[in-house]
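What follows is one structure encoded as structure tokens, with my remarks underneath.
The values are calculated or read from the model by the stated rules, or taken from the named source; none is laboratory data. In this text the structure is predicted, and so the values were computed from the model without any measurement. Every residue, glycine among them, receives a Cβ derived from its backbone with ideal geometry; neighbour counts consider all protein chains shown. Each accessible area value is taken on the protein alone, full model and side chains, heavy atoms only, with ligands, DNA and RNA left out. Shrake-Rupley method; radii C 1.70, N 1.55, O 1.52, S 1.80 Å.
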Amino acid sequence: MTSTLARTAYETLEPYHVLAYFNPHLKTESVPLRLSRAGMYVGGRAAPLGRTSAATVAATFYNFNPALITFGWSEALSTGLDETDAGRTRAVDASLRDALGERVSDPEIASVVGALRAGVVDARFEGRPLAAAWAAHPWPDEPHLQLWHAITVVREHRGDGHIAALVLADLSPVEALVLHEAPHPDPAIRRRTLGRSLLLTTRGWEDSDWESASQSLRSRGLLDADGAMTAAGAELYDRVERETDTAAAGLWAGVPEAEETLRRARPFVKAVIDVGYLPGTRPRS
């Protein structure tokens with residue numbers, strides 16, 4: 001049951017976190033800091049790791065081109081991680097205020113934060129470097145930003161577990177992207193896909209990398225000639241997802257009234273979707 005809940009939580013909460021990377025305020029904050037989009041993304045997401053090597057950051061991000069990580073991380077280090085983190089926070093703050101409007105002061109937000117924070121406090125972080133860094137990072141003062149921080153810890157906790165499952169599946173970074181985007185033989189399985197073009201742009205890979213990974217997956221019998229998952233590919237994909245859900249379940253076991261917490265969080269997530277900043281969404285009329 002907790003594994004199922006972990007999956008539901010991911011599908012429910014993810015848009016609230018992703019708003020940090022898709023919003024019009026990022027450019028406003030990036031310009032005075034002299035940060036490119038890569039610098040703001042890599043620096044903003046990895047700032048809690050401190051002044052570590054680009055190789056370490058690339059390892060925790062997994063499916064990004066190490067060259068993109070090196071470029072973005074070098075920019076963030078030059079600007080200053082504290083300054084980069086603060087700029088990203090200001091962009092998130094402005095975006096959430098756009099989305100939530102008067103509900104930014106809704107006391108229900110603090111209630112959701114309290115439940116999620118209880119799960120974070122009790123969670124185990126061994127083998128989860130990015131989640132551990134975010135859990136130890138100073139929490140914001142405002143409830144709407146505390147909610148973003150809590151969801152960020154939760155999603156990076158899940159992400160670290162997902163990377164472990166991908167490593168065990170012997171999938172390279174680009175192979176993992178290609179397999180995730182490939183059509184699944186079971187149409188009932190819901191998946192959040194981004195599309196090849198957006199993944200190549202945001203992860204820093206080239207078409208040739210995608211084609212090479214596709215050929216590798218075909219040679220392993222995981223993709224068919226049309227680029228769809230074979231039965232073996234679907235079995236591997238499904239196993240990775242199950243292992244990811246299972247690895248994430250421990251944190252959710254510590255969230256009091258977890259299903260009710262997700263129910264109370266949904267209106268705030270819907271507001272983030274409705275503001276129209278995320279890929280594939282439209283601004284509310």
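Of the listed peptides 269-280, 82-93, what is their order by residue-averaged count of other C-beta atoms within 10 Å, with the highest listed first?
The peptides rank, most packed first, as 82-93, 269-280.
Taking amide H positions as placed in the peptide plane 1.01 Å from N, state which residues far from L223 in sequence (5 or more) or on other chains have amide H under 5 Å from it.
Placed amide hydrogens put R218, T230 under 5 Å from L223.
When the expected Rg is taken as 2.2 N^0.38 Å, what fraction or multiple of it is the alpha-carbon Rg of the chain?
For the chain, the normalised Cα radius of gyration comes out at 0.99.
Quote to one decimal, in nm, the extra length available between E241 and R51 on full extension: 0.36 nm per residue of separation minus the C-alpha distance between them.
Residue separation times 0.36 nm, minus the Cα-Cα distance, leaves 65.2 nm.
In nm, to one decimal, how far is the modelled label at T281 from the one at T8, with both set 7 Å along Cα→Cβ?
2.1 nm
For the residue pair F22 and S36, what label-to-label distance in nm results when each label sits 7 Å from Cα along the Cα-to-beta-carbon direction?
A separation of 2.2 nm, rounded to one decimal place.
Just read off the accessible area of F71 with the full protein assembly in place, 1.4 Å probe, to the nearest 10 Å².
110 Å²
What is the extension gain from E102 to R192, computed as 0.36 nm multiplied by their sequence separation minus the C-alpha to C-alpha distance, in nm to one decimal?
Here the segment from E102 to R192 would lengthen by 29.4 nm.
Within the accessible area of the range 5-131, what % is carbon and sulfur when the probe is 1.4 Å and the other protein chains stay in place?
55 percent
Please give the per residue accessible area of the range 11-140, computed with a probe of 1.4 Å over protein heavy atoms only, in Å².
That works out to 43 Å² for each residue.
Just in the range 138-215: which trypsin sites (Lys or Arg not before Pro) are loop by DSSP and have at most 14 other Cβ atoms within 10 Å?
Listed in order of number, the matching sites are R190, R191, R192.
222 nm [θ] for the chain, helices only, -39500 (n - 2.57) per DSSP H run of 4+, per residue, to 500?
-22500 deg cm²/dmol, from helical runs alone.
Normalised by the residues of the chain, what does the relative contact order come to in percent, with Cα pairs under 8 Å and at least six apart?
In percent, rounded to a whole number, it is 29.
Please compute the length gained on full extension between E126 and D82, using 0.36 nm multiplied by the number of residues separating them and subtracting their Cα-Cα distance.
The E126-D82 span can extend by a further 13.3 nm.
Pop the C-beta distance of Q215 and L168 into the FRET formula with R0 = 30 Å and round what comes out to the nearest 0.05.
With R0 = 30 Å, the Cβ-Cβ based efficiency is 0.85.
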